Amino acid sequence: MKYLLETEKLSAGYGAMEVFWDLSLTFEAGRTTTIVGPNGAGKSTFLKTLMGLIEPRAGDIRFKGQSYVKEPTWNRINDGLVMIPEGRLLFSDLSVEENLIMGAYPKKTRKSMEKNRDHVFQLFPRLKERRNQEAGTLSGGEAQMLAIGRGLMEEPEICLVDEPSLGLSPVMTNEIFSIFRELKEDKMTIVLVEQNTNQALKIADHVYLMQAGKVTLSEPREAVDLQRLEDLYFARTA
Amino acid sequence: MNIKISALMLGVMYLGVPFFLGDNDYLIGLVASALIIAGVAVAWALLGNLGGMVSFGHAAFFGVGAYTSAVLTMDYGVPVFVALVVGGVGASLSSIFMMPALRLRGPYFALAILAYAEIFKILATEATGLTGGAGGLLSIPSLPVFAGVDFGTKLGGYIVILNIVTLMLITYYFIRRSSYGLALKAMHDSELATRIVGVPATYLKVVMLLVSAFMTGAVGAFNAHYINFLEPDYAFSGTWTVFPIVAAIFGGYRTLSGPVLGALFIYLVDQLVFKNLIPQGHQLILGVMLAGMIILSPSGLLPVITNLFTRKKADNKRGEAQHA
């Protein structure tokens with residue numbers, strides 16, 4: 001088994017609209033893969049399809065070599081496929097701590113809930129200070145920390161992160177990315193979808209560029225030339 | 001606080017009511033009827049508060065439970081106490097037919113389930129072989145003598161329905177405290193977010209519907225053996241939906257004991273006061289009372305009481321501090 005997660009000719013869409021076609025991507029264990037691309041390229045839809053939140057039209061998803069297309073979302077999560085969604089999607093009426101407890105909903109994670117919670121509090125001391133506060137009252141950066149913390153409570157083997165820098169100040173964005181750098185050093189497998197190409201490239205091992213439902217570039221980080229990537233990104237070259 | 005009030009309320013119901021009203025069949029019967037409403041109100045609030053689904057169709061579960069239990073005892077000689085439980089199971093089974101409605105949200109779910117309730121009423125009217133049709137069922141067996149106690153009396157019946165409601169409250173309490181309770185609470189916030197953390201949201205809703213239907217069915221079955229008579233227009237009457245909803249909202253349907261307090265208050269005030277003032281159409285006043293409650297305290301009667309207690313405590317503490 002070479003890849004932890006791979007897709008084969010995967011297609012999905014909403015209603016009459018096809019969002020992406022024939023995507024064959026691979027994600028290696030212990031490495032960080034970044035998917036960059038403009039709005040509407042289908043990046044978020046791709047992640048949602050990996051999680052089973054959207055049913056694929058065609059193709060296959062394999063996690064640890066096992067076909068996943070028919071698995072319900074909660075089984076995928078229990079197996080260690082975890083998503084930190086775009087726009088945080090926190091439970092705003094629940095407290096910070098209750099949000100983390102919800103992260104430990106998958107059966108296998110319930111026993112180690114307290115240990116994982118303390119680990120998250122260690123990673124984000126600010127969440128510990130605010131543990132009894134309603135999640136809806138957090139600032140954007142704190143909310144993103146909580147979303148990451150909740151994801152870690154699910155004991156991910158592979159973490160799909162969707163636009164973590166959305167709506168954050170540059171300072172906060174740096175702070176969030178330093179967390180991902182730490183996770184990367186701990187050998188976490190990360191799939192990062194970002195529009196902030198600069199930041200995303202810094203922590204990537206492999207880069208995909210997605211445009212209008214297609215992968216238009218797939219290169220290891222070392223081979224990527226930022227100038228060329230941005231030219232492609234903004235369609236300045238053919 | 002909520003728990004203390006529930007315990008206090010149950011204490012009064014178990015000790016105070018039999019002691020003071022035990023030999024007055026009329027009054028104890030009224031309180032028992034109020035508890036029947038309370039039972040349905042708790043089941044309704046469980047689905048509405050924890051499950052986030054407002055139902056206009058609980059009359060269906062009430063009726064199905066009543067008919068299941070009545071037919072089983074009359075035609076198949078099943079013991080009454082067993083039949084009460086099977087009545088609940090029957091109501092749960094009937095709720096399976098309503099599950100397609102779980103795909104709908106908010107008012108659409110409420111209306112769809114109202115339509116289902118009507119279907120069950122028609123079925124009960126037309127299936128004359130089983131239910132006796134519009135003519136109804138007469139002389140349904142009363143609650144039996146069990147362990148030397150005659151539960152067929154007004155007081156005996158009161159004790160049984162009180163036990164049923166207590167069991168329901170305990171179940172409610174434990175569901176709310178469990179991980180399912182938190183997941184259900186989270187579902188109100190964002191169903192998509194619960195799916196992202198791996199909560200099988202639809203499955204949880206199904207379970208809540210089954211539990212709520214079971215509870216309502218068991219209460220409906222109890223009612224059939226308490227009044228010994230059933231007909232479709234009565235057993236599936238909209239009253240069994242509307243009265244519990246009014247009671248639950250009036251008492252505070254997001255609280256544990258609110259629906260019970262609401263049912264006792266609404267039903268007893270209606271029967272003892274308004275009915276004497278306006279013999280016809282006294283339910284009108286209930287509408288006015290409910291509207292007033294929603295304006296003055298949208299979360300119901302129980303929070304008002306709780307606030308009274310806590311404010312007193314706070315005042316006492318302040319008083320002590322000043323003396324010191």
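The values are calculated or read from the model by the stated rules, or taken from the named source; none is laboratory data. Not measured: the values here are computed from a predicted model. Positions of Cβ are generated from backbone atoms using ideal geometry, with glycine treated the same way; all protein chains shown enter the neighbour counts.
Among the candidates A:Gly52, A:Gly59, which residue alone is at pLDDT 90 or above, of a type in the set (Gly, Ala, Ser) and over 18 Å from the mean Cα position of the chain (by Cα)?
Working: A:Gly52 fails: over 18 Å from the mean Cα position of the chain (by Cα).
On inspection, the qualifying residue turns out to be A:Gly59.
Just need a number here: residues in segment A:1-40 that are among the hydrophobic types (A, V, I, L, M, F, W, C) and part of a loop (DSSP other than H, G, I, E, B).
Residues meeting the conditions: 5.
Under 6 Å between Cβ atoms, at least 6 apart or on separate chains: pull out the pairs that start in segment B:182-199 with a residue that is in contact (Cβ under 8 Å) with a residue 12 or more places away in the chain and facing chain A (nearest Cβ under 7 Å) and end on any residue that is buried (at least 23 other Cβ atoms within 10 Å of the Cβ) and aromatic (Phe, Trp, Tyr).
Every condition considered, the pairs that remain are B:Ala186/A:Phe91; B:Val199/A:Tyr105.
At least 2 residues that are facing chain B (nearest Cβ under 9 Å), surrounded by 20 or more Cβ atoms within 10 Å (Cβ to Cβ) and of a type in the set (A, V, I, L, M) in each: list the helices (runs of 4 or more DSSP H) lying fully within segment A:59-148 that qualify.
Details: elements: A:73-78, A:96-103, A:113-123, A:125-129.
It comes to A:96-103.
Cβ contacts < 7 Å: first residue modelled with pLDDT under 85, restricted to segment B:261-284; second residue hydroxyl-bearing (Ser, Thr, Tyr) and in a helix (DSSP H, G or I), any location; separation 6+ or different chain. Result?
Correct list of pairs: empty, since none qualify.
Within segment B:98-114, track down each residue that is in contact with a Phe, Trp or Tyr (Cβ under 8 Å, 6 or more places away or on another chain) and surrounded by fewer than 17 Cβ atoms within 10 Å (Cβ to Cβ).
B:Leu111
Out of everything in segment A:181-195 that is surrounded by 18 or more Cβ atoms within 10 Å (Cβ to Cβ) and of a type outside the set (A, V, I, L, M, F, W, C), what residue ends up being nearest to A:Phe63 (Cα to Cα)?
Among those that are surrounded by 18 or more Cβ atoms within 10 Å (Cβ to Cβ) and of a type outside the set (A, V, I, L, M, F, W, C), it is A:Thr189.
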